[in-house]
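The values are calculated or read from the model by the stated rules, or taken from the named source; none is laboratory data. Fair warning: this is a prediction, and the values are worked out from it, not measured in the lab. Cβ placement follows ideal geometry from the backbone for every residue including glycine, while neighbour counts extend to all protein chains displayed. Quick note on the areas: whole protein, heavy atoms, side chains included, nothing else; ligands and nucleic acids left out. Shrake-Rupley method; radii C 1.70, N 1.55, O 1.52, S 1.80 Å.
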Amino acid sequence: MKPGFALSLSEDGISLLHRAAGGWRLVGSVSLDTSDLGSALANLRAKAEKLAEGPIFCKLIVPNSQIRYLTLETGLVDDSVRMDIAQAALNGATPYPVDELAFDLSQDGPLTHVAAVAIETLDEAESFAESHGFGPTSFVAAPGEQAFLGEPFFGTARSIRGTDVDPDGIAVVNIGPADIPVSEPSPPVDEEPESTSAAETEPPAYQVETDLVDLSIHSDEPPIPAPAFSSRRHKSSN
């Protein structure tokens, strides 16, 4: 599977993007300083559900501040040797033992680029996304100016373990706002006037015509309250 959405987590805010031709389109962003983060994220999810026409599934973009990038001169070696060299280089390069890291490699001629993240960080990101209904599927990064070819892929989420998630060869690129369908407002509900039985009287000598007017009652339902990415370091699900 390939998730249709990408949830970008950073220290400044949270952005949701929708897969589109030529890149990814921005559904919306939420600042971490918002007074009601849960409600803001619920509104963001509701916009995405209009595009997906149902539950949404997201790859989670881990902030680069939580990722250790390395470039190694490995020469032209096979993949198993490249992996051994990368593991040796990561030993002591982060506060975590190598077996508590998830990492990905990209070959650039005689160079090998490494992107590594704590599995603990990935666990925290998954828990956050799940708690707000964003259906996490996998973990990636957006290298930007960092030396890495393509999109670093750190594995699948625990919640869908056993499901194959196809990595993207290209990192997420925002190409503009998403075109979100607009829901038509529901028509007002007319309330039938209660019928009253009039007392019997003698028929009048003349007839008076009375126009009855229906009263429309409009009720605005209050928004449904929603659930509050602390930026600790996570583990990747491998």
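Summary of computed values
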| quantity | calculated |
| --- | --- |
| 15 Å beta-carbon shell around H113, net charge (K/R +1, D/E -1) | -4 |
| Nearest-20 debye value, region 1-86 charge dipole, Cβ charges on Lys, Arg, Asp, Glu | 420 debye |
| Kirkwood Rh in Å, taken over all unlike Cα pairs in region 17-103 | 16.9 Å |
| Cα-projected label distance for N174 with S29, points at 7 Å along beta-carbon direction, nm | 0.4 nm |
| Phi to ³J(HN,Hα) by Karplus 6.51 cos²θ - 1.76 cosθ + 1.60 over region 103-108, Hz, x for Gly, Pro | 8, 9, 10, 9, 8, 9 |
| Of A21, P97, S65, farthest towards positive along the dipole that unit charges on Lys, Arg, Asp, Glu beta carbons give region 4-142 | A21 |
| Candidates per GluC sites (Glu not before Pro) in region 41-126, loop by DSSP, up to 16 other Cβ within 10 Å | E53 |
| Positive minus negative residues near E151 (Lys, Arg vs Asp, Glu; Cβ under 14 Å) | 0 |
| Beta bridges by DSSP in region 1-145, antiparallel share as percent, to the nearest 5 | 75 percent |
| Whole-percent carbon and sulfur share, accessible surface of region 78-163, 1.4 Å | 50 percent |
| For a label point 7 Å along the Cα-to-beta-carbon line of D79, residues of region 95-136 with backbone N under 17 Å | 103-109, 112-115 |
